[in-house]
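Below is one structure, written out as structure tokens; comments come after it.
The values are calculated or read from the model by the stated rules, or taken from the named source; none is laboratory data. What you see is a predicted model, and the numbers here were worked out from it, not measured in a lab. Reconstructed Cβ throughout: ideal geometry from the backbone, glycine too, with neighbour counts over all protein chains shown. These area figures cover heavy atoms from the full protein model, side chains too; ligands, DNA and RNA do not enter into them. Shrake-Rupley method; radii C 1.70, N 1.55, O 1.52, S 1.80 Å.
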Amino acid sequence: MSDASLRASVQKNEALKSKYQSVQNSIAWNGLSTKRGLASANALVDKCKDYLDKIDGNDGYGYLSNFRDKLSTDYETLKGYRDFVRDSNKAFMAMYEELGNHITALNSAISRDKNAYNKGKKFWERI
């Protein structure tokens with residue numbers, strides 16, 4: 001490769017690395033790079049399920065049919081929200097890891113191109 005193409009490759013890879021690092025830092029800054037605890041959401045969903053089971057298991061609670069219908073709808077909505085949060089967190093963790101892999105690959109490409117460019121050059125001509 002020519003010196004100009006090596007220099008252009010280094011600059012392009014450094015710009016791409018900077019973008020990847022920016023996204024990775026944003027993910028980490030917002031705490032999305034680690035597994036989030038869902039204990040409180042799980043507890044709320046379990047509590048709703050317990051109430052539904054109590055209402056369904058006792059004929060004396062028939063007068064709560066409207067409440068049961070509303071709670072059942074809310075229970076399904078809460079399960080959907082909990083699952084969405086869990087899946088989103090997994091996706092952000094995977095993206096964070098993938099960005100790290102891309103950054104590592106770019107670092108090695110930058111280093112390889114710099115070494116090829118600097119080979120045989122005086123120290124003041126090196127990048």
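Subtracting the Cα-Cα distance from 0.36 nm times the residue separation, let me have the gained length for ASP74 to VAL23 in nm, one decimal. Let's see the in-between values first.
Numbers: separation 51, 0.36 × 51 = 18.36 nm, distance 3.50 nm.
Extra length from ASP74 to VAL23 when fully extended: 14.9 nm.
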On C-alpha positions alone, give me the angle between the axis of helix 39-57 and the longest principal axis of the chain, in degrees, nearest 10.
20 degrees
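Give me the accessible area per residue for the chain, probe 1.4 Å, as a whole number in Å². Before the final figure, lay out each step's value.
Numbers: 9120 Å² over 127 residues.
Accessible area per residue, the chain: 72 Å².
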Among [x] 18.6; [y] 19.2; [z] 21.2, the value of Kirkwood radius over Cα pairs in Å computed for this structure carries the label [y]
The chain - percent of accessible surface contributed by carbon and sulfur, probe 1.4 Å:
54 percent
Relative contact order of the chain, defined on C-alpha pairs under 8 angstrom at six or more residues apart (%):
48 percent
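I'd like the FRET efficiency for LYS90 and ASP50, computed as 1/(1 + (r/R0)^6) with the beta carbon distance as r and R0 of 30 Å, rounded to 0.05.
Numbers: r = 27 Å, r/R0 = 0.90.
It comes to 0.65.
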Can you give the longest stretch of the chain with no exposed loop site, where a site means trypsin sites (Lys or Arg not before Pro) in a DSSP loop (not H, G, I, E or B) with at most 12 other C-beta atoms within 10 Å?
36-118
Run the numbers for SER40 and ASN101: contour at 0.36 nm per residue of separation, minus the present Cα-Cα distance, in nm.
18.7 nm
